[in-house]
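S.K.: This is the structure, below, for whatever I ask next.
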Amino acid sequence: MAVTQNLLDKTLRWYIFLATLILLIASPVFYFVTRQMYIHEANEHLKLRKKEFIRYHLPSLHQTDIALWNRYNRDEKILDRKGGSRKEKLRTVFYFDSLAHDYEPYRELNTPITIEGRPYVFSAKINLIEKEDLLQGTGLLFFVLITTMLIGLYFITKVLSIKLWKPFYIGLEHLEKFEVDKSASTRLSQTTINEFVRLNQVIENLIRKNTSIYNTQKEFIENAAHELQTPLAVIQGKLETLFQQSSLTQSQSEVLEKLNDAVARLSRLNKNLLLLSRIEHDQFSESENISVNDLLKKHYEFFSEQAAAKKIRITVESSPSVNVTANPVLTEVMINNLFLNAIRHNIEGGYISIQLKETGFAISNTGHHSALPEQKIFSRFSKINPSTQGSGLGLAIVKKIADLNRWEIRYAFKNNWHTFSVNFR
C-alpha cells in the first residue's frame, strides 16, 4: 500500500527542496561571481597605478633612483628584466607577510618599462586578504538573508495555505461525517475561491440528491411493507383454512406446506423492514433502566428448546447485575437476533458461550471454519448461506440499534469461534 501524504505537506516539501537546491547553487555562484568582480576591480586599480607611474614618475626617474624607489614603496617595485617576457602580466601570487607570519594572496601586475635605455619591470601588487574578508562577510550576509527569506516564505506559505485550503478540509470533514439517514443539514464554510465554491456546490448537491433518493427509497419500503401486511394476513388465513380440509392429498399438502413457509418468511421480512423503518424514524425514543441479566435469561429459556434440537450446549457467564438505559423493545430485539443468529448458523452438536459484564456482553458460537466477511456482516440482505431461512436483516437491525444507543458492536473470529460483542461504554 502506498504511503499517503497531506497535500499541504507534500507541497511544502517541494518548496523546501526547491529552496534548498536554489540556495546550494546560488551560494557558490554568488561567491565566484563576486570574487571575479573583486579581481577585475583589483586589475583596474593596478592598471591605474601603472598609468600614474608611467605618466608622472617614469619620465623623471633615473637608474640611480631605483634603489631609493624600491626602499620607500612597499607595493610598487622596479625590477631588472632578465630576458623575461615583454608582455604585460596580471596574476595572483602569495607572499610571506612578516607581520602576519603567513602567506597572503596578492594581485600582481608586471609591465615592461625602460629607464635610460635599459629594460626594467614595473611590478605593482594589491593585498587581496582584506577583499577576501569582505567577500566572505558579504557571502555570509547573503546566505543569512536568503535563508531568513526562505524560512519566512515557508511559514508564510504554510499559514496562507492552511487558510486558503480551509474550505476544502471542512468539505472533506463533512463528507467523512455524512450519514444518509441523518437529517441534519450540511453547512459548508463560505469562500471567495472559485474552485472551492464549485466544490462546495458539488458537495451540497451530492448530499441533497443522496438524501432525497434515500428518503424516497425508505418511504417506498415503508409503504410497501404496510401495504403487504393485509394480503399476507389474508393468504395465511386461506392457507390455514385449506390445511383443515380432510380431502387434501399428500402432494397437495406438500405444496401448501411450501406455500406456508414462503408466506411466513415473507411476513418476517415485512416485519423486519417495518422495524427498520420505525427505528430510522426515531419511533423508539422512550428509554428506561433495563436489566440485561433478565433479558438474557428470558431469551436463554426461550431458545433452549431450539438449541437442544440441534444438540447445542449453551454456557453463560455473567456479572450479578448489569443495567443499561435504553429502549426495552429494541434491546430485546437486539438480544433476540444475536441469539437466533448464534443458533441458526451453528453446527450440529456445537456450542454457544454468553459472557455478560458491566461494560457489555458477547455471544460466541461455533460454526463455519472461516471468518465472515466483515464488510458485509451488518449489511442489509447480506446472507452468508443462501439456504438459511433468515431474511438477511437480523444483523443489520442489531447494528442499527447499537448505533442508535451509541453502543459499539464488533465481530471477531478466533479458534473456529464466531463472536459478536456489544460494548455499552
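S.K.: If I fit a long axis through the Cα atoms of helix 328-344 and take the longest principal axis of the Cα atoms of the chain, what angle between them do I get, 0 to 90°, rounded to 10?
M.R.: Compared with the principal axis, the helix lies near 90 degrees.
S.K.: Also, quick follow-up: For segment 40-155, report the convex hull volume of the alpha-carbon atoms normalised per residue, in Å³, without decimals.
M.R.: Details: hull volume 16.2 nm³, N = 116.
Dividing the Cα hull volume of segment 40-155 by its residue count gives 140 Å³.
S.K.: Of (i) 25.0; (ii) 43.6; (iii) 21.0, which is the value of mean projected area of the Cα convex hull in nm² derived from the coordinates here?
M.R.: This structure yields the entry labelled (ii).
S.K.: If each residue of separation counts as 0.36 nm, what is the full-extension length gain between F302 and Q63 once their alpha-carbon separation is subtracted? Kindly include the intermediate steps, with their values, before the conclusion.
M.R.: Working: separation 239, 0.36 × 239 = 86.04 nm, distance 13.41 nm.
This chain segment gains 72.6 nm when fully extended.
S.K.: Given R₀ = 30 Å, what would the calculated FRET efficiency be for N127 paired with M149, taking r from the Cβ atoms and rounding to 0.05? Kindly include the intermediate steps, with their values, before the conclusion.
M.R.: Working: r = 34 Å, r/R0 = 1.12.
Between N127 and M149 the formula returns 0.35.
S.K.: Subtracting the Cα-Cα distance from 0.36 nm times the residue separation, let me have the gained length for N43 to K311 in nm, one decimal.
M.R.: Numbers: separation 268, 0.36 × 268 = 96.48 nm, distance 10.83 nm.
Roughly 85.6 nm would be gained on extension.
S.K.: Next question, about the same structure. Which order, highest average first, do 91-98, 246-253, 164-171, 23-30 follow once you tally other Cβ atoms within 10 Å for each residue and take the mean per peptide?
M.R.: Values: 91-98: 10.9, 246-253: 8.9, 164-171: 16.6, 23-30: 12.5.
Going by the mean number of other Cβ atoms within 10 Å, highest first, we get 164-171, 23-30, 91-98, 246-253.
S.K.: Using modelled amide H (1.01 Å from N, peptide plane; none on Pro or chain starts), what sits under 5 Å from the amide H of I115, excluding residues fewer than 5 places away?
M.R.: Excluding prolines and chain starts, which carry no amide H, the hits are Y120.
S.K.: Next question. List the trypsin sites (Lys or Arg not before Pro) within segment 307-342 that fall in a DSSP loop (any state other than H, G, I, E or B) and whose Cβ has at most 12 other Cβ atoms within 10 Å.
M.R.: On the way: sites: K310, K311, R313; in loops: K310, K311.
Answer by residue number: K311.
S.K.: Over the chain, what is the mean sequence separation of C-alpha contacts under 8 Å (at least six apart), divided by residue count, expressed as relative contact order in percent?
M.R.: Details: 459 pairs, mean separation 38.5, N = 425.
Relative CO of the chain lands at 9 percent.
S.K.: In nm, give the distance between the simple-model label positions of R35 and K87, each being 7 Å from the Cα along the Cα-to-Cβ direction.
M.R.: Result for the modelled spin labels: 2.4 nm.
S.K.: Let me ask something else. Give me the distance in nm between label points sitting 7 Å out from Cα along the Cα-to-Cβ direction at E348 and T20, one decimal.
M.R.: The modelled label-to-label distance comes out at 7.0 nm.
S.K.: Filter K209/K376; K258/K399; K298/K400; K238/K376 down to the pairs with a C-alpha to C-alpha distance above 27 Å, please. Walk me through the numbers on the way to the answer.
M.R.: Details: K209/K376 25 Å; K258/K399 31 Å; K298/K400 22 Å; K238/K376 38 Å.
Going by Cα-Cα distance, K258/K399; K238/K376 fall outside the 27 Å limit.
S.K.: If you build the convex hull over the alpha carbons only and average its shadow over all orientations, what do you get for segment 232-329? Give it in nm² to one decimal.
M.R.: Details: hull surface 38.8 nm².
Mean orientational projected area (segment 232-329, Cα hull): 9.7 nm².
S.K.: Continuing with this model, one more query. Can you work out ³J(HN,Hα) from phi for every residue in segment 61-73, in order, using Karplus 6.51 cos²θ - 1.76 cosθ + 1.60 and θ = phi - 60°, giving whole Hz and x for Gly and Pro?
M.R.: Here the 3J(HN,Hα) series is 8, 10, 4, 6, 8, 5, 4, 5, 4, 5, 6, 9, 10 Hz.
S.K.: If you don't mind, another one. In deg cm²/dmol and to the nearest 500, what is the mean residue ellipticity at 222 nm of the chain if only DSSP H runs of at least 4 residues count, each as -39500 (n - 2.57), divided by the residue total?
M.R.: Details: 10 runs with 232 residues, N = 425.
Result for the chain, helices only: -19000 deg cm²/dmol.
S.K.: Positive end of the dipole of the chain, charges at C-beta (+1 Lys, Arg; -1 Asp, Glu), about the Cα centre: which of Q245, H62, N346 has its Cα farthest in that direction?
M.R.: Selected residue: H62.
S.K.: Which of the peptides 274-280, 16-22, 68-74 is most tightly packed, and how do the rest follow, judged by the mean count of other Cβ atoms within 10 Å per residue? Mind showing how you got there, number by number?
M.R.: Details: 274-280: 17.7, 16-22: 12.1, 68-74: 10.4.
The packing order, highest mean first, is 274-280, 16-22, 68-74.
Bear in mind that the values in this text are calculations on the coordinates, not laboratory data. Since this is a predicted model, take the numbers as computed values, not measurements. Reconstructed Cβ throughout: ideal geometry from the backbone, glycine too, with neighbour counts over all protein chains shown.
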